[in-house]
Structure formats: C-alpha cells, structure tokens
Amino acid sequence: MSHIGVLPEYHGSTAFFEGETPLPLASGYLIVLGFGAFFSVFTTLLVYLDVKYNQTEHTSEFFNTAGRTVKTGLTASVIVSQWTWAATLLQSSNVAWNYGVSGPFWYASGATIQVLLFGILAIEVKRKARTAHTVCEMVAARWGGAAHGTFIIFCFLANIVVTSMLLLGGAATVNALTGMEIWLGCLLIPWGVILYTAAGGLKATFLASYLHTAIIFLVLVICIYTVYVKNFSTDIIYNGLAQTVSYTAEECQIMFSTNQTVEGTFWKAGDYSCGPVPNNRDGSYLTMLSGDGLIFGIINIVGNFGTVFVDQSYWQSAIAARPASAHKGYLLGGLCWFTIPFALATSMGLCAVALRLPITAAEAGAGLVPPAVATHLFGKAGSVMMAIMLFMAITSTGSAEGIAVSSLVAYDIYKFYIKPEASGKEILLVSKVTIVVFGGLMGFLAIILDAMGLNLGWVYLFMGILIGSAV
C-alpha cells in the first residue's frame, strides 16, 4: 500500500467496470432465473411438508398471517431479511465511498431506530388488534374511510419505492458483473420472487428468509475477514485512506490519466475518490464531523421512518408473530441488522477508497462499490459471491413486499370496497393474482426509472419526500 497512485492493473482505466465483464452472460441468467426456480421448489416443498405432517390448512388467513404463531427467532430473522434491501448492501458502501466512516454510521443507526421503536407498536397490535390483517384495517376502524384511503396510497407508495430500489440495484449489479441488459434484468428478477411468494404465502417466505439471512451473514463475514485480516489490516486501510486524502489536484490528474501526465487526464473533482473529502473535517474519511454525512443522516432517518411505519410488510410480521414474541423479535432483528450495512460499508466502501480503485461517482451511485471491491479481492469468485448476496436480499425483501401488497389489495380494496362478504377462497385468489400483477408491473416501473436516468442512490434519497409525511 506504500505505492503512489492507482494500482498498476488499473492504469488508464476510466471506470472499474469497463470492457469485459467479470462473469459470462450465461451466469447472469443462471443467478436470476436459477435461484428463483430453486426457491420456488424449496418453498413449495415446505408448504407440502407443512400440510402433510403438521396438518396445516392453507386458508387465506394462513396465507396472509402465517397462523399468527411465529416465534421470536424466526421473527427476528425475517425483520433482518426484510430490512436488508439491495440498498442496504449497495447504498451503504456508496455513502462510505462518498463521506467516509460517517456514512455507514448514519446509514446503519439511522435505519435501526425505526425497527426498535416498531417493537412497541408490535406489542400494541397484539393487545388491541388481534384479528387485523393490515395496518389500513386499523386506520379504518379508528379514523374511518377518508384516512383509510389516504393510508392505502401511502402504503402502496412505500411498497413501490422499496421494490423499485431492489430492481434498480439488482439489475445494475447483474449488468456490471455479467453484461445482462439492465431492462431485461428489471423484467426477469421479479419472476423468481413472484413464483415462490404466490406458491407459499407468508409462512413459506419467512422460512426462505431465514436461509437468505444466513447466506448474507456468511458473505459479510468473508468480506470483513478478507479486508481487515487476510489481505490487509486496519493499519493498512487507515494509511491508505490518509494517503488518498493527501493527494493534490495535480497528483490526482496524473494518477487518473491515460499516459501519467496532466494533459492526458480524465480526472474531475468528485468523479473519483482522490484528494480531501469536501465538507469533512481536515478532508478526512475517518471523521464523524462530515457536513454531507450529517445531511445524509437526517434524510436517512426521516425517509426510513416512512418505509417502516407505512410498509405493510412490517405490520404483517407483527401480526404473524406470537404475542410474547413480537417485541422481542423486533428488538433482536433491529440490533442484528445494524451489523450488515455498517460492517459491509466500513470494509468494502473504505477499502475501495484506500486502494484507490478507479470507481466512478456514477458507478458508486448505481451501487457498484461492493461488487467492484469483491471482484478486485476475489476475482470471479467475488463477483459470484456479491451477485448471490444481492439476490438473497432482493428475493427476501421482494417476497415480503409482494405479500404486503397482496394483503392490502385483498383486504383493503377487494373486501373493504368491492365485496365485503368475500369468502376465504376468493381472498386467497385475489392475493395470489395481485402478487403476480404487482411483480410484473414493478419490472416496467424500474425500466421507466432507468430510462429517466434515475439510479438506486436517487430513489433512496427521494423516498422520504414521498412517504415521510405519513408518519
């Protein structure tokens, strides 16, 4: 790490993911469609075993509430997997790349508070609304039709924002690693989730989420160990960050150039991590006194209150939990989740800066910092690992969002406004159809957002404006 400038293999590189992709195109299809097919078979098998050996009757009630008997451990793992969006893995490292160590702290702490506080709401749900299916049913009972309609819109917006972030982040990463077209990725990724969610309902997605969370933590431990123990150390990363900050504009121009001269430079301030960080104390990556980091922290806290408190999937987890398990599950889940964005961003995000990888601001904004660092450290194995980790996040959160929307449509639109005397079979059918339609439409919405030039980072910062006022 004592060398000056960019690593020799990246001399003259204008971006990290330029030229040939780390993985062949076929592997993109295998990851996107293969995992979807595997989890569809896996969850269908779980449902079959549950019916055969536990004699569980899969009614509309069970499909949407998992029988209201989920214990503490499963509730906690579900909270972790629901709250682990594509943004948790990708955007957290982007803010580390931009603002230094304050970014991961504000990302992780600013999104943990809401889950811990929701534990209190979970207790109240169990005490006062034992037969509720959705948050909007509670709003209707308390404040009537006008408030009910308003909250349905907020709930749908929350689900749409979260799902569009999953697809944009997932498609951008699969595109960078395998070359699969972003628009094709946006259309194909939902189908793996749609199939197993429609087949298994809430209980099956809970069990699949447990497996997802275990895989995410496994990859996380490998990344941290490699960065801070195996390949480098805290001292090496610290010195690398200090060196990056020490460069003048002229030195940055020479480093990021085609022929190691100022004349051949493609460096622009803010395009690459080189030189002092604007609005950070002493320009350091290792300070909590970061103006831009603090602004991000405020946006993050406000936005995430909206995405927890009006996201039906969190209410659904509280409704599905046993009365004694609900608050414990949320407290445990919130504390366990903190580790994921904080540890991943402080290892992968800071490593990218310390090694001065040629990651552009556009690549970082699209969430490509972790895939870039993993590809640098592990080669093709790192690319596969990141793709799998990301797909775990997409499928677990995507299935929760799908079930959430299906509950809202079935209970708050179909049963509330269209057919109040609807039978359990009709509600189950509406739930399953909604999951398929919502997943398909979200693919098109992600394509529209991409065509407008909006990436994961933009949507993440915009969500507070859309749904923050509901809280």
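The values are calculated or read from the model by the stated rules, or taken from the named source; none is laboratory data. Just so it is clear, the model here is predicted, and its values are computed rather than measured. When we count neighbours, we look across all protein chains shown, and the Cβ atoms used for this are built from the backbone with ideal geometry, even at glycine. Side chains included, ligands, DNA and RNA excluded: accessible areas come from the protein's heavy atoms. Shrake-Rupley method; radii C 1.70, N 1.55, O 1.52, S 1.80 Å.
Looking at region 272-283 only, could you name the residues that are of a type outside the set (Phe, Trp, Tyr), at negative phi and crowded, with 18+ Cβ neighbours inside 10 Å? Spell out how you get there, then give the answer.
As a first pass, look at region 272-283 and keep what is of a type outside the set (Phe, Trp, Tyr): 273-283.
Next, from what is left, pick out any that are at negative phi: 273-274, 276-278, 280-281.
Once the filter is applied, which keeps residues that are of a type outside the set (Phe, Trp, Tyr), at negative phi and crowded, with 18+ Cβ neighbours inside 10 Å, region 272-283 yields 273, 274, 277, 280.
Apart from one condition, residue 441 fits all of (1) in contact (Cβ under 8 Å) with a residue 24 or more places away in the chain; (2) under 19 Å from residue 155 (Cα atoms); the exception is (1).
State which residue is surrounded by the fewest Cβ atoms within 10 Å (Cβ to Cβ) when the search covers only region 152-178 and only residues that are among the polar types (S, T, N, Q) and over 30 Å from residue 379 (Cβ atoms).
164
For every residue, the table says whether it meets (1) of a type in the set (A, V, I, L, M, F, W, C); (2) touching a Lys or Arg at 6+ places or on another chain (Cβ under 9 Å); (3) open to solvent by 10 Å² or more (accessible area, probe 1.4 Å).
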residue	(1), (2), (3)
379	no, no, yes
388	yes, no, yes
398	no, no, yes
419	no, no, yes
424	no, no, yes
431	no, no, no
437	yes, no, yes
449	yes, no, yes
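In region 283-297, the residues that are small (Gly, Ala, Ser) reach residues that are open to solvent by 10 Å² or more (accessible area, probe 1.4 Å) and not in a loop (DSSP other than H, G, I, E, B) with C-beta atoms within less than 7 angstrom, at least six apart or across chains, in these pairs: 283/245; 284/245; 290/99; 290/280; 293/99; 293/106; 297/106. Answer yes or no as to whether residue 149 is surrounded by fewer than 22 Cβ atoms within 10 Å (Cβ to Cβ), in contact with a Gly (Cβ under 9 Å, 6 or more places away or on another chain), part of a helix (DSSP H, G or I) and of a type outside the set (Val, Ile, Thr). No: the conditions fail for residue 149.
When residue 315 is tested against the conditions (1) open to solvent by less than 20 Å² (accessible area, probe 1.4 Å); (2) among the aromatic types (Phe, Trp, Tyr); (3) in a helix (DSSP H, G or I), the lone failure is (1).
Listed here are the residues, each with its yes/no results for (1) of a type in the set (Gly, Ala, Ser); (2) open to solvent by less than 30 Å² (accessible area, probe 1.4 Å); (3) at positive phi.
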site	(1), (2), (3)
17	no, no, no
20	no, no, no
26	yes, no, no
35	no, no, no
58	no, no, no
70	no, yes, no
92	yes, yes, no
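For region 60-75, a tally of residues being outside any helix (DSSP H, G or I) and not basic (Lys, Arg) returns 2.
The set of residues from region 254-267 being closer than 23 Å to residue 368 by Cα and either of a type in the set (Phe, Trp, Tyr) or loosely packed, with under 13 Cβ neighbours inside 10 Å (or both) comprises 256, 266, 267.
Every residue, every condition in (1) among the aliphatic types (A, V, I, L, M); (2) in contact with a Leu (Cβ under 9 Å, 6 or more places away or on another chain); (3) at pLDDT below 90; (4) within 25 Å of residue 175 (Cα to Cα), yes or no:
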site: 423; (1), (2), (3), (4): no, no, yes, no
site: 426; (1), (2), (3), (4): no, no, no, no
site: 430; (1), (2), (3), (4): yes, no, no, no
site: 438; (1), (2), (3), (4): no, no, no, yes
site: 446; (1), (2), (3), (4): yes, yes, no, yes
site: 451; (1), (2), (3), (4): yes, no, no, yes
site: 456; (1), (2), (3), (4): yes, yes, yes, yes
site: 464; (1), (2), (3), (4): no, no, yes, no
site: 468; (1), (2), (3), (4): no, no, yes, no
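Picking from 132, 141, 158, which residue would you name as being assigned to a helix (DSSP H, G or I), out of contact with any Asp or Glu (no Cβ under 6 Å at 6 or more places or on another chain) and either at positive phi or hydrophobic (A, V, I, L, M, F, W, C) (or both)? One residue alone meets the criteria, 141. The condition of being part of a helix (DSSP H, G or I), of a type in the set (A, V, I, L, M, F, W, C) and open to solvent by less than 50 Å² (accessible area, probe 1.4 Å) holds for only one of 6, 78, 41, 51, that being 78. Report yes if residue 407 is open to solvent by less than 50 Å² (accessible area, probe 1.4 Å), within 18 Å of residue 62 (Cβ to Cβ), under 20 Å from the mean Cα position of the chain (by Cα) and hydroxyl-bearing (Ser, Thr, Tyr), otherwise no. So residue 407 does not fit the description; no. Return the residue satisfying two criteria in turn: it lies in region 284-309 and is surrounded by 23 or more Cβ atoms within 10 Å (Cβ to Cβ) and over 19 Å from the mean Cα position of the chain (by Cα), and of such residues it is nearest to residue 404 (Cα to Cα). Among those that are surrounded by 23 or more Cβ atoms within 10 Å (Cβ to Cβ) and over 19 Å from the mean Cα position of the chain (by Cα), it is 293. Here residue 308 fits the description: in a helix (DSSP H, G or I), of a type in the set (Val, Ile, Thr) and touching a helix residue (DSSP H, G or I) at 6+ places or on another chain (Cβ under 8 Å).
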